[in-house]
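The values are calculated or read from the model by the stated rules, or taken from the named source; none is laboratory data. What you see is a predicted model, and the numbers here were worked out from it, not measured in a lab. Ideal geometry is used to build each Cβ from the backbone, glycine not excepted, and the neighbour counts take in all protein chains shown.
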Amino acid sequence: MVNSCQPRLRIGVLGSGKGSNLKAIAQAACSHDARYEVAIVLSDVASAGILTLAKEYNIKATFISPGPYKTKLSEEAEQQFIDALQEANVDLVVLAGFMRIMKEKLLAAFPEKIINIHPSLLPMFPGLEAWKQALDAKVRETGCTVHYVDHGIDTGKILGQQRVPVFPNDTDETLHARIHEVEHQLYPKIIQEIAQKS
Ligand code: GRF
């Protein structure tokens, strides 16, 4: 039995898209033995579904303008993300479909405290559209990986993986959907494990 007075790990979720992983993470955080809570959700996309979803779960949700670049944050934006996460007393930063490369300042502000989920069995198929890469490579199995974020693209230490079969008649959509489903199981599980060890 978990003592409900025990402090919970405070997580900050960063996303640019619809937020289905946030939904799974937030739902699992409602269970009586959850050892973490979602303290804040931040997005670089004003219209992102993840912000709407956060509000539905009564989680503080903030849009931060990313600046002029396509794949990275401006220095000013990066500082705003750091400030927002620190003001929310976040212990762990959880990337859930955040489409910007993490730069030195953010990594240094949260050393070994930023994790990501990627839709392949890393180190296979890093980068964009990993499910497409899996189909093109004609592998019979792929999956998803939760890993620490470092300076590389999807290169950080692996925390957990879950396998997914690839079927001969799979399309981009069917395979991506199958991977998404297992992401929703793996991500809350790994966050809970990190919380239990903290
Ligand atoms: C997931 O497929 C994840 O693997 C990738 O971004 C996607 C986010 O999806 N990093 P959602 O916004 O959580 O639905």
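Within segment 75-84, can one find any residue that is of a type in the set (G, A, S) and within 26 Å of Q6 (Cβ to Cβ)? Within segment 75-84 (the criterion being of a type in the set (G, A, S) and within 26 Å of Q6 (Cβ to Cβ)), the answer is yes, since at least one residue qualifies.
This table checks each residue for (1) within 18 Å of the chain's Cα centre (by Cα); (2) under 16 Å from L92 (Cβ atoms); (3) modelled with pLDDT of 95 or more.
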position: S20; (1), (2), (3): yes, no, yes
position: A28; (1), (2), (3): yes, yes, yes
position: D33; (1), (2), (3): no, no, no
position: V41; (1), (2), (3): yes, yes, yes
position: L53; (1), (2), (3): yes, no, yes
position: Y69; (1), (2), (3): no, no, no
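Taking each residue of segment 103-130 that is at positive phi and looking for partners that are at pLDDT 95 or above and more than 11 Å from the ligand (Cβ to nearest atom) with beta-carbon atoms closer than 7 Å, six or more apart or interchain, yields E112/Y148; F125/Q133; F125/A134. Entry remark, segment 85-138: residues being touching a Leu at 6+ places or on another chain (Cβ under 8 Å), within 30 Å of F167 (Cβ to Cβ) and not hydrophobic (A, V, I, L, M, F, W, C) number 1 in total. Of the residues making up segment 154-165, none is basic (K, R), within 27 Å of A48 (Cα to Cα) and under 15 Å from the mean Cα position of the chain (by Cα). Just one of (1) within 13 Å of the ligand (Cβ to nearest atom); (2) closer than 21 Å to I25 by Cβ; (3) under 15 Å from the mean Cα position of the chain (by Cα) fails for E112. It is (1). Take A26 and tell me if it is buried (at least 18 other Cβ atoms within 10 Å of the Cβ), within 25 Å of K197 (Cα to Cα) and of a type in the set (G, A, S). So A26 passes the test.
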